[in-house]
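Please treat every number below as a calculation from the coordinates, not as lab data. Quantities reported herein were computed from a predicted structural model and do not represent experimental measurements. So basically every Cβ, Gly included, is an ideal-geometry build from the backbone, and we count neighbours across all protein chains shown.
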Amino acid sequence: MEGKHKDQVAILKKLGIQHLNAMQHEAQLAIHASAETVLLSPTGSGKTIAFLLPILAELDKNNDEVQVLILAPSRELAIQIEQVCREMGTGYKVNAVYGGRHFTKDKMELKHLPAILVGTPGRVADHIRRGTFDARKVKILVLDEFDKSLEIGFEDEMQEILDSLQGLDKKILTSATEGVEIPQFVRLKRPLYIDYLEEGVDSLEVKSILSPSKDKLETLGKALCHLGNEAGIIFCNYKDSIQRVSDYLTEKNIPHGCFYGGMEQKDRERALIKFRNGTHQLLIATDLAARGIDVPEIKFIIHYHLPHRLEEFTHRNGRTARMHQEGTAYVLQWENETLPDFMDELEPEIIQDAPTPTPSKWKTVYISGGRKDKISKGDIAGTFFQRGELQKGELGMIELKQDCAFAAVRAEKLPQILKYVNNTRIKNRKVRVVEI
């Protein structure tokens with residue numbers, strides 16, 4: 001047990017985490033003690049680390065099969081879990097599989113089986129049918145945001161997967177939603193519930209921003225100027241509305257990214273990278289961004305359209321005021337518009353005239369080398385500081401992927417990075433460095 005404790009200390013140090021929060025502590029004890037755990041906690045509260053730490057402590061280093069299967073409702077969440085696993089630096093192989101990329105890429109990566117396989121239900125079910133790995137050897141199953149997977153139509157695939165997992169010792173279900181019914185095919189007998197859904201709610205304010213006209217675009221522009229240079233998400237119900245809002249903000253010289261289901265996977269991923277590293281402080285999104293994606297602490301969200309259900313209203317609001325941080329959810333409301341039954345009357349925010357928010361100080365570059373080239377974040381940082389002649393504070397967040405990487409650099413230093421680092425070698429690979 002002492003060895004495991006030392007492993008965890010090292011993992012937390014690598015992640016830059018000083019101590020676990022109360023939910024993570026309790027979840028760790030529950031997952032070790034129980035064969036069935038249901039973990040209910042708000043979006044952004046640290047559920048991924050809460051279930052990964054106890055799972056890692058129970059892995060068998062001499063087992064060459066897939067030991068853990070983690071099902072996630074979206075590609076972004078699958079990629080995020082894979083990323084967290086890798087950043088833990090445990091020595092265990094982890095891979096993510098999901099729709100929207102070539103199956104041959106999966107086959108190459110899974111030639112040597114990972115200890116932990118993360119994936120969307122559709123792609124995982126496909127792998128089980130093709131016999132890529134032996135589902136009967138999987139010992140631990142995690143259904144992350146399981147209610148979202150059911151909601152977006154993965155019930156048949158999830159049932160098929162559960163039916164094939166005949167050697168399970170442990171099941172872990174997570175959700176950010178209260179009172180969700182667990183389907184019978186999960187076959188839970190006596191689950192242990194850990195419920196932290198009320199955590200952090202007190203620090204969230206919900207206010208209205210009144211629009212004098214039914215077309216709320218102009219009011220949105222004024223609101224963003226009023227809110228200033230803060231990170232926020234604008235939620236719309238339809239991708240056509242996102243395009244319209246995006247065109248308007250572009251016209252007003254307000255930088256932003258977009259995120260919705262119809263986008264190419266590469267574009268969705270890059271929008272999140274630029275939002276995380278500060279290149280964009282605003283993200284216009286559908287409910288796809290309401291949970292299950294890794295975004296920074298944000299100061300506000302704006303409901304450009306209200307969702308149709310209380311659950312989605314709650315999940316959107318959960319993107320801000322996370323884990324005892326303060327945040328505000330604004331409802332952009334036409335002054336003659338009636339609020340839905342699940343909402344009380346709101347205190348209006350008085351919008352003050354203000355200048356357009358200043359552009360971000362950061363730009364994002366793409367680097368054409370990644371983990372498979374044995375490139376580390378330290379290698380990239382060293383190259384940018386030495387060859388790119390950057391000073392401390394001029395290099396921001398670095399995100400390392402399997403076959404590429406992304407880095408934030410100060411906007412005024414972008415020309416020299418492109419001049420001195422593009423087409424040079426990092427480790428033994430000649431890389432392209434371009435702005436995205």
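Side notes on the structure shown:
- For the range 2-195: relative contact order, % (alpha-carbon pairs under 8 angstrom, 6 or more apart): 31 percent
- In this entry, the range 317-395 is assigned a mean projected area of 11.0 nm², taken as a quarter of its C-alpha convex hull surface.
- Restricting the range 103-141 to trypsin sites (Lys or Arg not before Pro) that sit in a DSSP loop and have at most 10 other Cβ atoms within 10 Å of their own Cβ leaves K111.
- Taking amide H as placed 1.01 Å from N in the peptide plane, the amide H of V206 sits under 5 Å from that of A329, each at least 5 places away or on another chain.
- When you restrict to C-alpha pairs under 8 Å that are six or more residues apart and normalise by the size of the range 201-348, the relative contact order lands at 38 percent.
- Residue pairs, from the table K107/K377; K214/K266; K148/K239; K111/K239; K214/K361; K139/K377, whose Cα atoms sit over 28 Å apart: K214/K266; K111/K239; K214/K361; K139/K377
- Bridge orientation summary for the chain: considering DSSP beta bridges with both residues in this region, about 25 percent are antiparallel.
- Note, ³J(HN,Hα) from phi for the range 259-276, Karplus 6.51, -1.76, 1.60, rounded to Hz, x at Gly and Pro: 8, 7, x, x, 6, 4, 3, 4, 5, 4, 5, 5, 4, 5, 4, 5, 6, 5
- Rg ratio for the range 20-72: its Cα radius of gyration over 2.2 N^0.38 Å, N being its residue count, equals 1.19.
- Report note on the peptides 388-397, 15-24: ranked by the mean count of other C-beta atoms within 10 Å, highest first, their order is 388-397, 15-24.
- For the chain, the Cα-based Rg and Dmax, in that order, read 22.4, 66 Å.
- Summary value for the chain: 15 percent relative contact order, contacts being C-alpha pairs under 8 angstrom separated by 6+ residues.
- Calculated on C-alpha atoms, the gyration radius of the range 201-348 divided by its Kirkwood radius gives an Rg/Rh of 0.93.
- Highest GNM mean-square fluctuation among Q28, Q67, Q416, for the chain modelled with Cα contacts below 10 Å: Q416.
- Think of it as helices only: each DSSP H run of n ≥ 4 in the chain is worth -39500 (n - 2.57), and spread over all residues that comes to -10000 deg cm²/dmol at 222 nm.
- Shape class for the range 42-187: rounded, because the ratio a/c of the largest to smallest gyration tensor axis (alpha-carbon atoms, square roots of eigenvalues) is under 1.5.
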